[in-house]
1. Treating the range 1-102 as a set of equal point scatterers at the Cα positions, no solvent, please give the Debye-formula log₁₀ I(q)/I(0) at q = 0.15, 0.23 Å⁻¹.
2. Can you give me the distance in nm between label points at ALA107 and GLU5, each placed 7 Å from the Cα along the Cα-to-Cβ direction?
3. Once label points are set 7 Å from the Cα along Cα→Cβ at both GLU70 and ILE12, what is their separation, rounded to one decimal in nm?
4. Expressed as a whole percentage, what fraction of the accessible surface of the range 1-107 belongs to carbon and sulfur atoms when a 1.4 Å probe is rolled over the protein heavy atoms?
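The values are calculated or read from the model by the stated rules, or taken from the named source; none is laboratory data. Remember, predicted model here, so these are calculated numbers, not experimental data. Here Cβ is always computed from backbone atoms with ideal geometry, including for glycine, and neighbour counts include all displayed protein chains. Each accessible area value is taken on the protein alone, full model and side chains, heavy atoms only, with ligands, DNA and RNA left out. Shrake-Rupley method; radii C 1.70, N 1.55, O 1.52, S 1.80 Å.
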Amino acid sequence: MTEPERAASTVIVLAGYRKEMQQMLSRNSGLASRFQVKVEFPDWTSDECVALIEKQMRQTLPRPFEDLCEESKKILRDTFNRLKKLDGFGNARDAVLVLEKMDGIRAVRLCDSPADDTDTDKLVYTVEDVQEASQEILEQRGYIEQDDYGEHDVPSQNESRKISSDALKQ
């Protein structure tokens, strides 16, 4: 990287979360000085995460159907806004994880349906599927509700607390 004849033809890409990348580069000032150009990509908005979920839904279901209802989108936007407060928010990775949880919850619901039930409308994701998936992902990631005084907005390393389904409806 220090030889001029190689500098024009060499590209090195380091990718990772901002905090961890800064920590890595700060450990060696010589290394940090070799990376003059830094490109940072902003986190996705909650609407972009919901749009990815809807795109994935349209591509994977056995039949095309309308997008999520507005109530489901509101739950998902709220969920992504909460996830963004936690370390390691993963944009598309978190959106796909939420969709996978929705798939699992829907599958259990469908398995609980009578075997002779041919109602194809049951294939769609219900508000309850979205609600349960959102609650599960927030619990899994250790999200703690913010109290009236702004304390405990983000949990310590090993803290977690059950989130009431009412909190997600706010």
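1. Debye intensities relative to I(0), on a log10 scale: -0.74, -1.20.
2. With each label placed 7 Å out from Cα toward Cβ, I get 5.7 nm.
3. For the pair GLU70/ILE12, the computed spacing is 5.3 nm.
4. Here carbon and sulfur together make up 53 percent of the probe-accessible area.
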